[in-house]
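Quick notes on the structure that follows.
Laboratory data are not the source of any read-out in this text; all were calculated from the coordinates shown. Predicted, not measured: the structure shown is a model, and the values here were computed from it. Reconstructed Cβ throughout: ideal geometry from the backbone, glycine too, with neighbour counts over all protein chains shown.
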Ligand code: UN1
């Protein structure tokens, strides 16, 4: 039975009497069987967006007055509710975006981890005491909430990634307007309801479903009216750049978590078994639809043939299909992703050697919509594809594909590997497989990625380490752990003079 999904403002559903815009409805379908409707989503207008921002603005002062440890307790409560409903939420997530159930459960677990972390942070929202250069003067710092936070998230991590923003934003005393991806609408609304059931006052968390154009319009007007103080966005680099421009006009710095073309370097001393397993998981897990998914394997020329043979074998043996079963990956998220990915497959060139399953050794340019299970035209399934021989000027080398394709190229010395890894201009996640500690550290220093793995995969970051990228992957903002609090609070410094005289900084005390 499809559910009907509508926006929620100040705790109330936005009903159909509201203006719903020209493209009033979006149909979220099961990508494993596109004939199955998961949700009918009523899309809001820019006015809906604005109304949500106003509700958040109105609710913010009272929420900021709630003592931080009490806000922490609310966050802890959210974690317990999500944990108690983990299976149901994961099953819905699997049905709506085709993420294999085990991964979906892991994603829900990540919300619980985030809540566990920030529960304690409510008692640790520390400021500092700072020594003054003058007598009888005290200096302090306080963290203040920024105010109203707009969270705009993608559909590949429709539960964990929104929680990375919403949980610390709420903990820090902000109120939130969340605009999830419409193709993950049912999952997003289910998560929203768990958040609210934990006892958040009306208006503290609002959810708006809207298409991209409406979101820009709504956000732009909300910024004009000073109803938004911080934007957190996870999605493509192109959209991130537009959001950055919009926020920049209002002198705001958004928190941007964008794409990646994440390299994995396989060195002469690499454990190849481990490297192959790592490449399989990060290249094809989630059908390659993580911002941290592996883009290109950069393998030392002496190990290239062996690596490629083993990688191809592992990929051919990997179970792909029905996401409710134990598979490495299922369908792509949504029609839009599938169409785009098909376009990107057009980047395969005659100088490439294609392998994987099941079209080893040939380039299929006229492929039909390939299905692995059921009716091939019904599910958004794609073959895992390895493209050997990618070159620095290939599109496939330079651009994110957000699908199950991994490039392979070779290098001669570490400097070249680092140069190749940095070349696409992204800087999210990078991995090196090596038994040489010096080499691992040299890689860490040279690679421009915000996150580096040694003998582990590019994807699968833990919930309490700083997460984020540089270059095309973001503007240097970091999420997760205590570091994200710098996104959702502003430092206020206080000086308190109890000397009874006018003491002036930078001037000799004797001048007074
Ligand atoms: C994303 O793809 O947007 O590190 C986030 C990882 C996950 C998060 C990915 N924990 O792959």
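Using alpha carbons only, how many degrees (0 to 90, rounded to 10) separate the axis of helix 86-97 from the longest principal axis of the chain? Approximately 60 degrees, to the nearest 10.
Relative to the longest principal axis of the C-alpha atoms of the chain, give the angle of the C-alpha long axis of helix 304-317, reported between 0 and 90° and rounded to the nearest 10°. Once rounded, the angle reads 90 degrees. Obtain the nm distance between the two label points defined at residue 245 and residue 27 by a simple spin-label model: each point lies 7 Å from its Cα along the Cα-to-C-beta direction. Label at residue 245, label at residue 27, 3.4 nm between them. When Rg and the Kirkwood radius Rh are both evaluated on Cα atoms of the chain, their ratio Rg/Rh stands at 1.02. Note on residue 505 and residue 64: the model spin-label points, each 7 Å out from Cα along the C-beta direction, lie 2.2 nm apart. Each residue, residue 415 and residue 456, gets one label point 7 Å from its Cα in the Cβ direction; the gap between the two is 3.1 nm. For residue 12 and residue 40, a Förster radius of 22 Å and the Cβ-Cβ distance give a FRET efficiency of 0.70, rounded to the nearest 0.05.
Here is how the number arises for the chain: DSSP H runs of 4 or more residues each give -39500 (n - 2.57), the sum is divided by the residue count, and the result at 222 nm is -11500 deg cm²/dmol. Pop the C-beta distance of residue 435 and residue 391 into the FRET formula with R0 = 25 Å and round what comes out to the nearest 0.05. That pair, residue 435 with residue 391, gives E of 0.30.
Report, in degrees rounded to the nearest 10, the 0 to 90 angle that the Cα long axis of helix 335-345 makes with the longest principal axis of the chain. Compared with the principal axis, the helix lies near 50 degrees. Under 1.5 on a/c is rounded, so check that first for segment 137-256, then, if it is not, pick prolate when a/b is larger than b/c and oblate when it is not; a ≥ b ≥ c are the square roots of the alpha carbon gyration tensor eigenvalues. Here segment 137-256 falls in the oblate category.
Note: relative contact order over the chain, using C-alpha pairs below 8 Å and six or more positions apart, is 18 percent.
Is the C-alpha gyration tensor of segment 262-454 telling us rounded, prolate or oblate? Criteria: a/c under 1.5 is rounded; beyond that, a/b larger than b/c is prolate, otherwise oblate. In terms of gyration-tensor shape, prolate.
Looking at the square roots a ≥ b ≥ c of the eigenvalues of the Cα gyration tensor of segment 376-499, which shape do they give, rounded for a/c under 1.5, prolate if a/b is larger than b/c, or oblate? Prolate, because a/c is 1.5 or more and a/b exceeds b/c. The three principal axes of the Cα atoms in segment 1-137 give end-to-end lengths of 74, 39, 24 Å, sorted in falling order. Peptides 46-57, 135-146, 70-81 ranked from most to least packed give 46-57, 70-81, 135-146, packing being the mean of other C-beta atoms within 10 angstrom over each peptide's residues. Please give the length that would be gained between residue 140 and residue 470 if that part of the chain were fully extended, namely 0.36 nm times their separation in residues minus their C-alpha to C-alpha distance (nm, one decimal). Taking 0.36 nm per residue and subtracting the Cα distance, the gain is 115.6 nm.
Which order, highest average first, do 295-305, 199-209, 155-165 follow once you tally other Cβ atoms within 10 Å for each residue and take the mean per peptide?
Values: 295-305: 21.3, 199-209: 23.2, 155-165: 26.4.
Packing proxy ranking, top to bottom: 155-165, 199-209, 295-305.
Here the calculated FRET efficiency for residue 124 and residue 351, from their Cβ-Cβ distance with R0 = 56 Å, stands at 0.50, rounded to the nearest 0.05.
On a full-extension model of 0.36 nm per residue, what is the gain between residue 482 and residue 197, subtracting their alpha-carbon distance, rounded to one decimal in nm?
Here the answer is 100.0 nm.
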